[in-house]
1. Within segment 53-70, track down each residue that is closer than 10 Å to Ala25 by Cα and of a type outside the set (S, T, N, Q).
2. Just to confirm my filter: which helices (runs of 4 or more DSSP H) fall fully inside the chain and include at least 3 residues that are at pLDDT 90 or above, surrounded by 12 or more Cβ atoms within 10 Å (Cβ to Cβ) and under 10 Å from the mean Cα position of the chain (by Cα)?
Amino acid sequence: MKVNMKKLITVLLTSMLLITSSAYATDSLKDAAKLYESGDYIETIALLKPLAINGNAQAQYNLGAMYDNG
């Protein structure tokens with residue numbers, strides 16, 4: 001069976017990107033939690049907003065909860 005190398009490389013690079021971005025998002029969520037606990041709400045929002053825009057459900061929830069709580 002012939003494997004299209006271009007498709008294979010695209011799939012591999014996409015997978016690597018998703019894994020890397022997931023690790024970044026996890027670290028950013030942890031940093032945001034620390035900032036929130038310290039009372040630095042502006043920086044917390046600055047970290048959460050890009051993640052939420054990019055579809056991270058946890059960031060969306062946390063940001064929504066912050067806005068809901070005022």
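The values are calculated or read from the model by the stated rules, or taken from the named source; none is laboratory data. All figures in this text were calculated on a predicted structure; none of them were measured in a lab. Heads up, the Cβs are rebuilt from the backbone with ideal geometry, glycines too, and the neighbour counts pull from every protein chain shown.
1. Once the filter is applied, which keeps residues that are closer than 10 Å to Ala25 by Cα and of a type outside the set (S, T, N, Q), segment 53-70 yields only Ala59.
2. Result: 41-53, 57-69.
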